[in-house]
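Engineer: Below is a structure I'd like to ask you about.
The values are calculated or read from the model by the stated rules, or taken from the named source; none is laboratory data. Please read all numbers here as calculations on a predicted model, not as lab measurements. Note that we place each Cβ from the backbone using ideal geometry, even for glycine, and neighbour counts take in every protein chain shown. Keep in mind that these areas ignore ligands, DNA and RNA; they rest on the heavy atoms of the full protein, side chains included. Shrake-Rupley method; radii C 1.70, N 1.55, O 1.52, S 1.80 Å.
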Amino acid sequence: MCRLILASSSPRRIQLLREAKFDPEVVCPDAAELTCDYLSPSELARFNARLKAAAVAVQYPDAVVLGADTIVALGSEVFGKPRDFDNARQLLRKLVGRRHEVITGVALIQANAHRVTLRAVSSAVTFRALSEAQIDAYLKLVNPLDKAGAYAAQESASVIIQRISGSFTNVVGLPMELVRPLLHEAGVRPSGVRPSSKTDRRSSR
């Protein structure tokens, strides 16, 4: 079975992979995320996902390296992780009562096989109409500084989120509906699942 390395220290991505019975090694990439206004949100997410995966793949060319980048987009405005709590409050003020997109770029790199796969998944999230007091209360419940858009779909979500259309795991940080088949194609299987052999396929007919 192929070796899987997650090019991220995100506890949410690690948890999603482990819940799906994958057991990735975790390597934090030494790569600065690009911020710009000349790429679309989907292009930017894919670019940064590849940047992270490539930084790790060069060190582990025999492995399957998974990188991801999640951004929040409100129209043409793109939100990454907030600089500080004041900035987190500003981001949430812009999102309250409105619908925005959460885009996760996914990169899968197998350096020795010269294979690079890039994808992006988008989900629509509608926020509740929140007062200043409710925003402040929410910021006391979660740490917004490591989260795109300053919020988390898996932590006290009902306080701020009215509706999610599309992949929930994408909003959390890794669209497993996409990642599972990509890993399968790359030869990575969940723990306890044996790859089928030609003999197995013939005997099952």
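Engineer: Given the options 37, 62, 69, 86, name the one that is within 29 Å of residue 190 (Cα to Cα), open to solvent by 80 Å² or more (accessible area, probe 1.4 Å) and either among the acidic types (Asp, Glu) or not in a helix (DSSP H, G or I) (or both).
Structural biologist: The unique qualifying residue is 62.
Engineer: For segment 122-170, name all the residues that are under 23 Å from residue 67 (Cβ atoms), buried (at least 17 other Cβ atoms within 10 Å of the Cβ) and of a type in the set (A, V, I, L, M).
Structural biologist: 125, 148, 150, 152, 153
Engineer: Okay, moving on. Give the residue that is farthest from the chain's Cα centre (by Cα), with candidates limited to residues of segment 72-83 that are of a type in the set (D, E, K, R) and outside any strand (DSSP E or B).
Structural biologist: Step by step, filter segment 72-83, then rank; the result is 83.
Engineer: Test of understanding: among 159, 102, which residue is out of contact with any strand residue (DSSP E or B) (no Cβ under 9 Å at 6 or more places or on another chain) and either more than 30 Å from residue 53 (Cα to Cα) or outside any loop (DSSP other than H, G, I, E, B) (or both)?
Structural biologist: The match here is 159.
Engineer: If I ask for residues that are in contact (Cβ under 8 Å) with a residue 40 or more places away in the chain and surrounded by fewer than 19 Cβ atoms within 10 Å (Cβ to Cβ), which ones from segment 111-121 would you list?
Structural biologist: 112, 115, 116, 117, 118, 119
Engineer: How many of the residues making up segment 84-125 are over 13 Å from the mean Cα position of the chain (by Cα) and hydroxyl-bearing (Ser, Thr, Tyr)?
Structural biologist: Qualifying residue count for the region: 1.
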